[in-house]
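In what follows, a single structure is set out as structure tokens and then discussed.
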Amino acid sequence: RWLRQHECVEKLNMHAILSASAGQEQLLTELLVTHAKIPILIGELISVEIWKHKVFPVLCRLEDFKPRSTFPIYMVLHHEASIINLLETVFFYKEVCESAEDSILDLIDYCHRKLTLLAARSANGQTAASLQLWEMGPKIPRLFVPPQELQKQAETMEFEISLKALSVLRYITDQVESLPLSALTRMLNTHNLPCLLVELVEHCPWSCHEAGKLKKFENGAWHVVPPEDQVKMTKLDGQVWLALLNLLLSPECQRKYHFDGFNKSQLLKLRAFLTDVLIDQLPNLVEMQRFLSHLAVTEPAPPKKDLVLEQVPVIWDHILKKNMGKWEAIAKHQVKHIFSPTEEELQLQARRWAETYSLDMMEALAPDKPRCRVCGTEAAKRCSRCRNEWYCAR
């Protein structure tokens, strides 16, 4: 049953990517919202994250676990990457963000954990560029990989997952006006996301120097940046700055955020990065520059104290409490019933994985090319008002 669910998530992920590239992702987002699937995906995402932290290390330590294949374990590790990739594609839409309902708090916590890990590793000098990145895209892995190598693959996969979480968080901050008050309080005060984003600006985990050359991570791979492009803003840089703009310049956020001495000193670090070259690439940063100049010479009013009645995330705590002290037993049960398949079961799994990524399947998932509503020919232009109708010419 879980394998069928994993295949469905993979197909949804591929369909979302193909639809987004064709500019026709509305149907998929409508279906996910109508059938209330976003909270289910968030629950599944957190379940796999907990499995990876609590059960997977136990599996790797079991001396009597010598599987014929580690392919089933890889599929579980890859499941988290597929879900966060799907969420990154669809969370651009306001209705998707709103349909998450109470589970948005769990997703905010998830993004905070990922970004904290990313910032900590970067501050300690650990860069993903020194490791061979395990791509998150369609890939059929070897049937057997030693558990130690699987752990390395999980670590390198974690880097890309964290970058996807950054994009999801930025899309959530786009909707601060329609988020529940508890979500805003959690981002600003519980997790102090503005200061965490300052850390990411300061240490820039997707950029590093290697052998005297600047390398940046873009589109799933590290690239050497030529001298003339070294001041060019990457998409990841843009996501951090846009999230900061959303969190610091919104009147509601300014009312709730506590601009104490520490937070103020951290935020003022951003002034050193707001160069003319950067502002030319993202003109909205002029407003940020003005805000920081004003912050430097004033003492903002303390946040207004509201009634202390806060909603809390439930998925993470529920799973941990339900399985407290059972992690080793769960690992041993999974070794016996899930991760020790017979030769026949293994071949069936590999065949189904290959079929999921076959060209025929991708062709079936790809949306039809849009047609002009006037003449019926293939269209390349979409109406800027309704965003639904297509035209072959103006």
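The values are calculated or read from the model by the stated rules, or taken from the named source; none is laboratory data. None of the values given here were measured: they were computed from a predicted structure. All Cβ positions, glycine included, derive from the backbone under ideal geometry; neighbour counts span all protein chains shown. Just the protein is used for accessible areas: all its heavy atoms, side chains included, with ligands, DNA and RNA removed. Shrake-Rupley method; radii C 1.70, N 1.55, O 1.52, S 1.80 Å.
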Taking K and R as +1 and D and E as -1, what net charge do the other residues with C-beta under 9 Å from the C-beta of Ser182 add up to?
-1
Whole Å is fine, so just give me how far the alpha carbon centre of the range 1-60 lies from that of the range 212-249.
27 Å
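Tally Lys and Arg at +1 and Asp and Glu at -1 over the other residues with C-beta under 12 Å from the C-beta of Val55: what net charge comes out? Mind dumping the intermediate values first?
On the way: positive: Lys52, Lys54, Arg61, Lys326, Lys332; negative: Glu49, Glu328.
Residues close to Val55 contribute a combined charge of +3.
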Accessible-area order (highest first, 1.4 angstrom probe) of the listed residues Glu252, Glu158:
Glu252, Glu158
Would you mind putting 205-214, 35-44 in packing order, based on average other-beta-carbon counts within 10 Å, highest first?
35-44, 205-214
Environment charge of Ser99, counting only residues whose C-beta is closer than 13 Å and scoring Lys/Arg +1, Asp/Glu -1:
-3
Which far-off residues, 5 or more places away or on another chain, put their amide H under 5 Å from the one on Leu214, with H placed in the peptide plane?
Val225
Could you work out, for the range 213-257, what percent of all Cα-Cα pairs fall into each 5 Å distance bin, beginning at 0 Å and stopping at the bin that holds the largest distance?
5, 19, 20, 16, 11, 9, 9, 8, 2
In whole Hz, with x marking every Gly and Pro, tabulate ³J(HN,Hα) for the range 44-56 from phi via Karplus 6.51 cos²θ - 1.76 cosθ + 1.60, θ = phi - 60°.
5, 4, 6, 4, 5, 4, 5, 4, 5, 8, 9, 9, 4
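Which order do the peptides 332-340, 275-283, 97-105, 51-59 come out in when sorted by mean C-beta neighbours inside 10 angstrom, highest first? List each step's numbers first, then the result.
Details: 332-340: 14.8, 275-283: 11.9, 97-105: 20.0, 51-59: 18.2.
Output ranking for 332-340, 275-283, 97-105, 51-59: 97-105, 51-59, 332-340, 275-283.
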